[in-house]
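Visitor: Can you keep this structure in mind? I'll have questions shortly.
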Amino acid sequence: MFMTEPPRVLVIMPAWNEGETVGDTVREVLAQGKGYDVLVVDDGSSDDTARLAGEAGATVLKLPFNLGVGGAMRAGFKYAKTHGYQTVIQVDSDGQHDPRDIERVVQGLQHADISIGARFAEEGDYKVTGPRKWAMSFLAAVISRLAKTKLTDVTSGFRAGNVRAINQYIDHYPAEYLGDTIDSLVVAIRSGCAVAQVPVTMRVRQGGVPSHNPAKSAVYLLRSVFALFLALTRRKSQVPSDKA
Amino acid sequence: MAVFAAFVFSLVMFVLVLEMLRRKKLREKYAVLWLLVGGGSLILAGWPQLLALVAGWLGVQVPSNLLFAMSIVLLIGVALHLSWELSVVEDETRILAEEVAILNTALKQLQGEVRSPKDPGQSGTGTGHPVPPAAGDRL
């Protein structure tokens, strides 16, 4: 039996003014002891997110100005590719994603190119209501059909990807609102990436206030449908998995 | 008198575009459009009856309405074109930002290794993690 070293996993954390939580989150991920490398993408923060993340032991990619979560992730994927990582996983810097679940989500890659840590799949008590819920279940239904597998949480940011997914993301990873979840997923599926879902528990966010009001939820519904429509009509990425 | 004013206005615009071009304040691809607009208004200012003639052909009752309609279409086109150019520029800026960030991090890691070759973990800038071998050195 060969003793091959397991491929290194890069944990990408987009962070924008997350000074309160980023240090603890990084330490918690490193404390898993699985040999994860943590890359915090400081998305043009005005606080000391970058310094705190660095002190906690993360590699910091400091963007000169704010690019949004999608832009930050794309920079992270580029870093992963430059440094030859085979596996990446996106984790929120505000501590909503439980670092103990990282391993499970990454395990999901054994059968797929993209593995989503889903909040609604049996575990946890994360709940939404009203137009936001309709939007989410509608999106889940459409994207499940596309992906030919049951997906319940397509807007989850807790996602792992393999080399094929990284290459596809670098080719197409929109920075616009909702693009980083819905659009990127739909284009990835249409470009031939297989998707799997792993149930995870979602924790209460450690800082900040979630936006819950009917008007915002309705706008969310419209924008997500629009984002889906655009994603369905976009051109596919050409991603041979051996592309250097 | 109005004809004269229109003529002077068109001439000033035409010269202004040429001058901006000469000083490299305006790129050719945008200048062509404005030179065409300037040239067109010069012709119309010189031969105002031309507008009435064309309006007659097209079945537009009031010649000035033809002028307004053309201006609106042109301005919408220009605005759309500028939005498109801006999107391209934003995309290029984003790519530059990514590359700068990645290069900066790589530079800091190298500096950390140079300063403390035996124990890179002491540099205090989070560079203590061994960089995995690069699959390819290109982005």
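Visitor: Run down the lysines and flag those whose C-alpha is under 29 Å from the C-alpha of A:Lys236, throwing out any fewer than 8 positions away in its chain.
Guide: Leaving aside lysines fewer than 8 places away in the same chain, those within reach of A:Lys236 are A:Lys78, A:Lys81, A:Lys133, A:Lys148, A:Lys150.
Visitor: When the chain is fully extended, how far beyond the present Cα-Cα distance does A:Phe65 get from A:Thr149, taking 0.36 nm per residue of separation? Don't skip to the end; give the middle numbers.
Guide: Numbers: separation 84, 0.36 × 84 = 30.24 nm, distance 3.78 nm.
Difference between extended and current length: 26.5 nm.
Visitor: Please arrange A:His172, A:His111 by how many other C-beta atoms lie within 10 Å of their C-beta, fewest to most.
Guide: On the way: A:His172 20, A:His111 11.
Ascending number of Cβ neighbours within 10 Å: A:His111, A:His172.
Visitor: Also, I was wondering about something else. 5 Å is the cut-off here: which amide hydrogens, built 1.01 Å from N in the peptide plane, fall below it relative to A:Arg159, excluding neighbours closer than 5 in sequence?
Guide: Amide H neighbours of A:Arg159, under 5 Å, 5+ apart: A:Gln90, A:Gly117.
Visitor: Can you tell me how much longer the chain between B:Arg27 and B:Ser83 gets when fully stretched, taken as 0.36 nm per residue apart minus their C-alpha distance, in nm with one decimal? Spell out each step's value before the answer.
Guide: Details: separation 56, 0.36 × 56 = 20.16 nm, distance 1.64 nm.
Once the chain is fully extended between B:Arg27 and B:Ser83, it gains 18.5 nm.
Visitor: Please give the contour-minus-distance gain from B:Ser71 to B:Asn104: 0.36 nm per residue of separation, less the Cα-Cα distance, rounded to one decimal in nm. Display every interim value, and only then the final one.
Guide: Details: separation 33, 0.36 × 33 = 11.88 nm, distance 4.83 nm.
That pair, B:Ser71 and B:Asn104, stretches by 7.1 nm at full extension.
Coordinate-derived values only; no laboratory data. Computed from a prediction, not measured in an experiment: that's the story for all the values here. Positions of Cβ are generated from backbone atoms using ideal geometry, with glycine treated the same way; all protein chains shown enter the neighbour counts.
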